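Colleague: Here it is, the structure in full.
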Amino acid sequence: MRLRKPKLVLIDLDGTLVDSVPDLAYCVDEMMKALGRAPWGEETVRGWVGNGVDRLVMRALTNTLWDDPEDDEFEAAHPIFMKLYAENTSGRSCLYAGVVEGIDYLKGEGLKVGCVTNKAAAFTVPLLKAMGIYEKFDIVVSGDTTPKKKPDPMPLLHAANQLGVKAENCLMVGDSMHDVEAARNAGFQVVCVPYGYNHGVDIREAGPDAVIDSLAELKNLLK
């Protein structure tokens, strides 16, 4: 399948550009230990990542995807996690294969490229810089840049408006159903990778326009 060639490509961070689970899992487990509870391990935490750190902390406390812990329980755990993650944002994380090649292709074609994530800017910018790709983006929209996060279309439309590109000329690249929903609501084309954080559900079920095994395959999709 070929897509309309966009003028702006927005790319999700966690699970699309960067495998950040090793750092997140370390912080979850150290938080649990600090609370006097058993750690979960990286494999379990991998199934919880994808909806921001607040929800990740809730999942660690409840061992469910969407149940909320008691307020006092969350209030005790949250600052512990935030301190740990501020100190351990990128040391164990890594770029997925094909990321640099894919971004460099887009830039070489004269396209504008942005990163749109639900991760707070305090973590987003250091992570992108540590991975050596921060300077490649024309815009970075973090989870606290706009009043609403994905799956709301606001962050995507904010990026498009800031760069002066109409929605029909934009493409979202992500790994989760929230990326697909946000793109659809914004009027973007949407492509997904199958290796990210979608809680064990095949991303094809969300109905993206295409699924590619790595960002390096964008050059074949957009020709």
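Colleague: Mind listing whichever residues of the range 29-68 are within 18 Å of the chain's Cα centre (by Cα), assigned to a helix (DSSP H, G or I) and in contact (Cβ under 8 Å) with a residue 40 or more places away in the chain?
Modeller: 46, 53
Colleague: Condition first: over 25 Å from residue 144 (Cβ atoms) and either aromatic (Phe, Trp, Tyr) or surrounded by 20 or more Cβ atoms within 10 Å (Cβ to Cβ) (or both). Now tell me which residues in the range 38-65 satisfy that.
Modeller: The answer is 40, and nothing else.
Colleague: On the given criteria, is residue 199 in contact (Cβ under 8 Å) with a residue 40 or more places away in the chain and exposed (fewer than 15 other Cβ atoms within 10 Å of the Cβ)?
Modeller: For residue 199, the condition - in contact (Cβ under 8 Å) with a residue 40 or more places away in the chain and exposed (fewer than 15 other Cβ atoms within 10 Å of the Cβ) - is met.
Colleague: Right, here's the next one. Which ones in the range 73-94 are under 17 Å from residue 33 (Cα atoms) and either free of Cβ contacts under 8 Å to residues at least 12 places away in the same chain or not in a helix (DSSP H, G or I) (or both)?
Modeller: 75, 79, 83, 87, 88
Colleague: Right, next: I'm checking my understanding of the structure. Among residues of the range 115-169 that are touching an Asp or Glu at 6+ places or on another chain (Cβ under 7 Å), surrounded by 17 or more Cβ atoms within 10 Å (Cβ to Cβ) and modelled with pLDDT of 95 or more, which one is farthest from residue 86 (Cα to Cα)? Reasoning before the result, please.
Modeller: Let us first name the residues in the range 115-169 that are touching an Asp or Glu at 6+ places or on another chain (Cβ under 7 Å), namely 116-117, 119-121, 150-151, 163.
Next, only the ones that are surrounded by 17 or more Cβ atoms within 10 Å (Cβ to Cβ) stay: 116-117, 119-120, 150-151.
Among the residues that remain, those that are also modelled with pLDDT of 95 or more are: 116-117, 150-151.
Working: 116: 20, 117: 17, 150: 22, 151: 25 Å.
Looking at residues that are touching an Asp or Glu at 6+ places or on another chain (Cβ under 7 Å), surrounded by 17 or more Cβ atoms within 10 Å (Cβ to Cβ) and modelled with pLDDT of 95 or more, I get 151.
Colleague: Cβ-Cβ below 7 Å, separation at least six or inter-chain, first residue in the range 3-23 and under 15 Å from residue 182 (Cβ atoms), second of a type in the set (Lys, Arg): which pairs?
Modeller: 8/112; 13/119; 14/119
Colleague: Tally the residues that are in contact (Cβ under 8 Å) with a residue 24 or more places away in the chain and in contact with a His (Cβ under 8 Å, 6 or more places away or on another chain), restricting the search to the range 123-155.
Modeller: 4
Colleague: Suppose we filter the range 120-154 for residues that are farther than 22 Å from residue 101 by Cα and either in a loop (DSSP other than H, G, I, E, B) or aromatic (Phe, Trp, Tyr) (or both); how many remain? Break it down into steps so the answer makes sense when it comes.
Modeller: From the range 120-154, those farther than 22 Å from residue 101 by Cα are 120-123, 142-154; that's our starting set.
Keeping just the survivors that are either in a loop (DSSP other than H, G, I, E, B) or aromatic (Phe, Trp, Tyr) (or both) gives 120, 123, 142-153.
Count: 14.
Colleague: Sticking with this one: Just wondering, is there one or more residues in the range 155-176 that are of a type in the set (Asp, Glu) and not in a loop (DSSP other than H, G, I, E, B)? Quick ask: steps written out before the conclusion?
Modeller: Within the range 155-176, the first condition is being of a type in the set (Asp, Glu), and the residues that meet it are 168, 175.
After this cut, where a residue has to be not in a loop (DSSP other than H, G, I, E, B) as well, the list is 168.
Yes - at least one qualifying residue is present in the range 155-176.
The values are calculated or read from the model by the stated rules, or taken from the named source; none is laboratory data. Bear in mind that the values here come from a model prediction, so they are computed numbers and not experimental data. Here Cβ is always computed from backbone atoms with ideal geometry, including for glycine, and neighbour counts include all displayed protein chains.
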